[in-house]
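Reading through the C-alpha cells given below for one structure.
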Amino acid sequence: GLELSHCVGANTLGPAVPWRAGGPCKMKRVRTVFKPEQLERLEQEFLKQQYMVGTERVDLAATLHLTETQVKVWFQNRRIKWRKQSMEQKAAKLSQFGVIQPASADSTDIKEHEEDTVDVEL
C-alpha cells in the first residue's frame, strides 16, 4: 500500500527537517514491497508485452490489489532493467569477438532513458 512517512529527515531524536526554509515538509513515500505472487504475475505480463496501458493496466492492478500507478511504475522500472540487461548481453557478445564499445555510447543511452525511471507515486 501507499504510506507516507512524516517529513523527510524526521525522526524520534529531533524535529522535522523542512523541505526548504520556510516551506512545507516534503513527504517521503515508503517503498512499495510487492508480494512474490504479485511479482510473478507482473513478470509474466512483462514477458507478453513490455508496455501495459489502458484497461489492461487497470484490470491487472485490480487483480493484484495494487494501484494503477504502482503497476505503471513497476513496468517503467522493469523496462529500464530490461534495457540495461540487453545492453550488457550485447556488450558481452561483442567482447567475445574482441570488439570494444565506446564508453560514451553507454552513458548517452542511459541519459536518454533516465526520464523513464520513476519511483514516486502521486
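The values are calculated or read from the model by the stated rules, or taken from the named source; none is laboratory data. Because the structure is predicted, anything quoted here is derived from the model rather than measured. Methodologically, a virtual Cβ is constructed for each residue, glycine included, from the backbone with ideal geometry; neighbour enumeration extends over all protein chains shown. When the accessible area is computed, the model is the full protein with side chains, heavy atoms only, and any ligands, DNA or RNA have been set aside. Shrake-Rupley method; radii C 1.70, N 1.55, O 1.52, S 1.80 Å.
May I ask you to derive the FRET efficiency for Gln85 and Thr55 from their Cβ-Cβ distance with R0 = 25 Å, giving the value to the nearest 0.05?
Details: r = 29 Å, r/R0 = 1.16.
Approximately 0.30, to the nearest 0.05.
Of Trp74, Trp82, the residue with the largest accessible area leads and the full order is Trp82, Trp74 (1.4 Å probe).
Any chance you could look up the accessible area of Lys35 with a 1.4 Å probe, heavy atoms only, rounded to 10 Å²? Result for Lys35: roughly 120 Å² accessible. The simple spin-label model puts a point 7 Å past each Cα toward its Cβ; for Val99 and Gln44 those points are separated by 3.8 nm.
Taking amide H positions as modeled 1.01 Å from N, with prolines and chain starts lacking one, the residues under 5 Å from Lys28 and 5 or more places away or on another chain are Ser5, Val8.
The calculated FRET efficiency for the pair Phe34 and Ala92, based on their C-beta separation and a Förster distance of 22 Å, comes to about 0.15. Taking 26 Å as the limit for the C-alpha separation, the pairs Lys48/Lys81; Lys26/Lys84; Lys28/Lys72; Lys28/Lys81 exceed it in the case of Lys26/Lys84.
A simple rule links phi to the HN-Hα coupling: the Karplus curve 6.51 cos²θ - 1.76 cosθ + 1.60 with θ = phi - 60°, which for the stretch 54-59 gives x, 5, 4, 5, 4, 5 Hz, with x for Gly and Pro.
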